[in-house]
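One structure below.
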Amino acid sequence: MAHIDAGKTTTTERILFYTGKTHRMGEVDEGAAVMDWMEQEKERGITITSAATTCYWREHRLNLIDTPGHVDFTAEVERSLRVLDGAIAIFCGVGGVEPQSETVWRQADHYRIPRIAYVNKMDRVGADFEDAIEMIRDKLGARAYAIQMPVVQGDLFSGIIDLVTMKSRSYDEDTLGATYRDAETPQSLLPEALRRREILLEALSDYDDTLLEKFIDDKPIRPEEINAALRRATLDAKIVPVLCGSSYRNQGVQKLLDAVLDFLPSPLDVPPVEGSDPSSGERELRKTSDVEPFSALAFKIATDPYVGKLTYLRIYSGTVRAGQTVLNTATSRKERLSRLLLMHSNKRQDIREAYAGDIVAVVGLKRVATGNTLCDLERPIILERMSFPEPVISVAIEPKTKADLDKLTLSLEKLAGEDPTFKVTMNEETGQTIISGMGELHLEVLVERLVREFKVAANVGRPQVTYRESITTSAVAEGRFIRQSGGRGHYGVVTLEVSPLEAGEGYAFENRIVGGAIPKEFIRAVERGVREAMGNGVLAGYRMVDLKAALLDGAYHEVDSSELGFKIAGSLALQEAIRKANPVLLEPVMELEVIVPEEYLGEIINDLNTRRTQIQGISRRVEAQVVDARVPLSEMFGYATSLRSLSQGRATFTMEFSHYEPVPEKVSEGIVTKVRGY
Ligand SMILES: Nc1nc2c(ncn2[C@@H]2O[C@H](COP(=O)(O)OP(=O)(O)OP(=O)(O)O)[C@@H](O)[C@H]2O)c(=O)[nH]1
Ligand SMILES: [Mg+2]
């Protein structure tokens, strides 16, 4: 996991090469990386979708997922971290902790994943190992300790000193680093290496008493003892060991693989996975063992051009055979796992059996969605689901020809099935199809996939921000729906109170009726009406969030009361209450970081000031200035192009969703007028 371009895929290609999984090293820049298999990944030189593979090192099997770094594909990181037991956080030796590394680090914190850090690109001018570690400590709050020291000759990164064994390693260029020499640390570097080793040992002594004794008494400490202490401290998330290297120059990757085995957990090291019994709701545990009842989490859906829909599973417990029938506890349906595959990027290998700890793909499961649990028929369990962020940007889409309409709808459905951060909705008023996602790049990639994979040509509109609506005060209102003209009528009267919730709390419904003013069976109908009305704000029709609706009172009619009557009364009451509760429009606000050479700083700031930007700070980083700011997404469409022309292509930026915030009144009026047309 890492910020965009830190070198995840380049490192993975080396891992595949040194473990013998591939016989040629694929370079990202030549569009030849095995892990970046998708056409658009090759063209754009970035990873878009997480790819899984399996390889062997020191007689251990490693299941590896190479994730994308661009923030628009954050769902791919989320799902990977949900099912992996450990992570390598890759940093750029020059850039250090970049914005997206912070985001993925927090995601890993959320799933309590032990991790090691790898400072890559040590060959670049300006690379600074110590600085990077300092930033990992400062910005990520991690207890990061170097277990290596880079060897630099002149300006050239030429090898690595292992602070555990005190051996120095250099790599042979002719074998692309596959062969290397280990030697004693050169005398000239020994004092510095010993100084750094002390720092590591001192930190470790805090977590290990025997080590502490030896350290204090100045007794020799064996490498195995250090490694054992490092392993315990890493598994407990007490320490993050930091390594260095240059994947592109083929230096350091074997040691990284060693560190994965030495310090990251095997499936047997992780505590039993927790879930709940679907019928009783009680807590259930499954140990990582081939003889436990089968349980697995579906964490990714993909469309394969040859075999169709693929469902990726992480198996937590038990054994499963091709052809076996299992239970999907999300739908309560039985599913047959007719074909099991071991994936290597986009290549598949049929397997007969899979075991606890494995990551496999299953062919042809139509009714299994991301986050569903598959398990033994007799021993049902629901594993913790994943949470994905809501999309913040939308565009209208229509097929180029009428004939393509059905195909477009079907293809969009498939894409939405793969990607939980991609949503397809219909604008009821205009009849337009709207697609929403995490950013401009995200939608661009998906529209391109429509053309290439699904052969549907489509026109897309200008990107729009996904606004939301909320309220700022409490209010009470009554909704009545009464139709009693001949025959059976409809009757429903409802009094609701709405009150604001904290940002991000979403929506809550509370029934405060005690005396039976509305019969129980109709209260559900009221709630449905309220929920439906939440989808359609009173200001400009955007979804309403962060408010609570409380049902206070109502009235019913012996004969004419109906579900429909109460549902509509619920909707009307909500809308009326919201009109009285000072509604506001909310807009997505982004966290922006611009890295810009000094000479363009002024222009960049001037430009940002025309975009309702709050500058949070400006700091220096190797030959450049870093501007941190908060800016509304609506002001940032096409920013990549402006930034390029303002800085002659020398500035870069990253932008990430931060939170929703009320739109200033003047701006809000403009948006409402535009939507309503008056
Ligand atoms: N100088 C130098 N360049 C590197 C090194 N590792 C990777 N690169 C280059 O950095 C660029 C990005 O590398 P990738 O491996 O695609 O990075 P990534 O982290 O997979 O990027 P995303 O998947 O798009 O987030 C490519 O041009 C690589 O050649 C390195 O050790 N040294
Ligand atoms: Mg990549």
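The numbers here are math on the coordinates, done by the rules we state, and not lab data. It should be emphasised that the depicted structure is a prediction, and the values quoted were computed from it without experimental measurement. Here the Cβ positions follow ideal geometry from the backbone for every residue, glycine too, while neighbour counts run over all protein chains shown.
On the first, second and third principal axes, largest extent first, how far apart are the outermost C-alpha atoms of the chain in Å?
101, 66, 58
Working only with C-alpha atoms, what are the Rg and Dmax values of region 187-263, expressed in angstrom?
Reported Rg and Dmax, both Å: 13.7, 42.
Assign one of three labels to region 319-393, namely rounded, prolate or oblate, based on the Cα gyration tensor with a ≥ b ≥ c the square roots of its eigenvalues; rounded applies when a/c is under 1.5, prolate when it is not and a/b is larger than b/c, and oblate otherwise. Each step should come with its number before you reach the end.
On the way: a/c = 1.93, a/b = 1.20, b/c = 1.61.
Oblate shape, in that a/c is at least 1.5 and b/c is the bigger or equal ratio.
Pairwise over distinct Cα atoms, reciprocal of the mean inverse distance: report the Kirkwood radius of region 255-346 in Å, one decimal place.
15.5 Å
Looking at G649, G602, H659, which one has the Cα that reaches farthest to the positive end of the dipole of region 596-659 (charges on Cβ: Lys, Arg +1; Asp, Glu -1)?
Positive-most Cα among the choices belongs to H659.
So what's the net charge close to S50: Lys and Arg +1, Asp and Glu -1, counting the other residues with Cβ under 14 Å from its Cβ? Don't jump to the answer; show the numbers that get you there.
Numbers: positive: K8, R79, R82, K300, R314; negative: D36, E41, D66, D72, E76, E78, E418, D419.
Result for the local shell: -3.
If you build the Cα gyration tensor of region 405-543 and take the root of 5 times each eigenvalue, what three semi-axes come out, in whole angstrom, biggest first?
39, 20, 14
Counting each DSSP H run of 4 or more residues in the chain as -39500 (n - 2.57), what helix-only mean residue ellipticity at 222 nm follows after dividing by all residues, to the nearest 500 deg cm²/dmol?
On the way: 16 runs with 191 residues, N = 678.
About -8500 deg cm²/dmol.
On a C-alpha basis, how far is the centre of region 301-338 from the centre of region 73-131 in Å? Whole number, if you could?
Between the Cα centre of region 301-338 and that of region 73-131, the gap is 30 Å.
Rounded to the nearest Å, what's the spacing between the alpha carbon centres of region 195-267 and region 662-678? Just the number, please.
About 57 Å separates the Cα centre of region 195-267 from the one of region 662-678.
Name the long-range amide H neighbours of V240: under 5 Å, sequence gap of 5 or more, or other chain; modelled H, no Pro or chain starts.
Under 5 Å from the amide H of V240: R143, A144, Y145.
Quick one: angle between helix 74-83 and the longest Cα principal axis of the chain, in degrees between 0 and 90, rounded to 10, please.
Once rounded, one gets 70 degrees.
Counting other C-beta atoms within 10 Å, and keeping those with at most 12, which DSSP coil chymotrypsin sites (Phe, Trp or Tyr not before Pro) do you find in region 297-335?
Working: sites: F299, Y306, Y312, Y316; in loops: Y306.
Answer by residue number: Y306.
Tell me which lysines have Cα within less than 26 Å of K666's Cα, excluding those fewer than 8 residues away on the same chain?
K580, K674
Angle between the Cα long axis of helix 563-580 and the longest principal axis of the chain, 0 to 90 degrees, nearest 10?
The angle comes out near 70 degrees.
Given Cβ point charges of +1 (Lys, Arg) and -1 (Asp, Glu) and nothing else, what value in debye, to the nearest 20, does the dipole of region 154-230 about its Cα centre take? Before the final figure, lay out the partial values.
Working: 9 positive and 18 negative charges, 29 e Å.
It comes to approximately 140 debye.
Pairing the Cα long axis of helix 665-676 with the longest principal axis of the chain, what angle in degrees results, from 0 to 90 and rounded to the nearest 10?
Roughly 60 degrees between the two axes.
Give me the three principal axis extents of region 449-497 from the C-alpha atoms, as integers in angstrom, largest value leading.
56, 40, 16
Mind running the shape call on region 350-459? Use the C-alpha gyration tensor, a ≥ b ≥ c as the square roots of the eigenvalues: rounded below 1.5 for a/c, prolate if a/b tops b/c, oblate otherwise. Numbers along the way, then the final one.
Values: a/c = 2.44, a/b = 1.93, b/c = 1.26.
Note, shape of region 350-459 comes out prolate.
Hull surface divided by four, with the convex hull built on the Cα atoms of region 120-184: how many nm²? List each step's numbers first, then the result.
Details: hull surface 21.0 nm².
With every direction weighted equally, the projected area is 5.2 nm².
Can you give me the Rg/Rh ratio for region 506-664, using Cα atoms for both radii and the Kirkwood formula for Rh? Walk me through the numbers before you get to the answer.
Values: Rg = 24.3 Å, Rh = 19.2 Å.
Rg/Rh: 1.27.
Viscosity 0.692 mPa s, temperature 37 °C: Stokes-Einstein D of region 31-148 from its Kirkwood Cα radius, in µm² per second?
Values: Rh = 15.4 Å.
This corresponds to a translational diffusion coefficient of 213 µm²/s.
What relative contact order, as a whole-number percentage, does the chain give when Cα pairs under 8 Å and 6 or more residues apart are counted? Please report the intermediate quantities before stating the final value.
Working: 1465 pairs, mean separation 59.2, N = 678.
Once divided by the residue count of the chain, the mean separation gives 9 percent.
Please give me the summed charge of the neighbours of G323: other residues whose Cβ is under 11 Å from its Cβ, Lys and Arg +1, Asp and Glu -1. Could you put the intermediate results ahead of the total?
Numbers: positive: R321, R336, R339, R352; negative: E353.
My count for the surroundings of G323 gives +3.
Could you give the distance between the Cα centres of region 134-191 and region 563-619, to the whole Å?
Taking the Cα centre of each part, region 134-191 and region 563-619 sit 46 Å apart.
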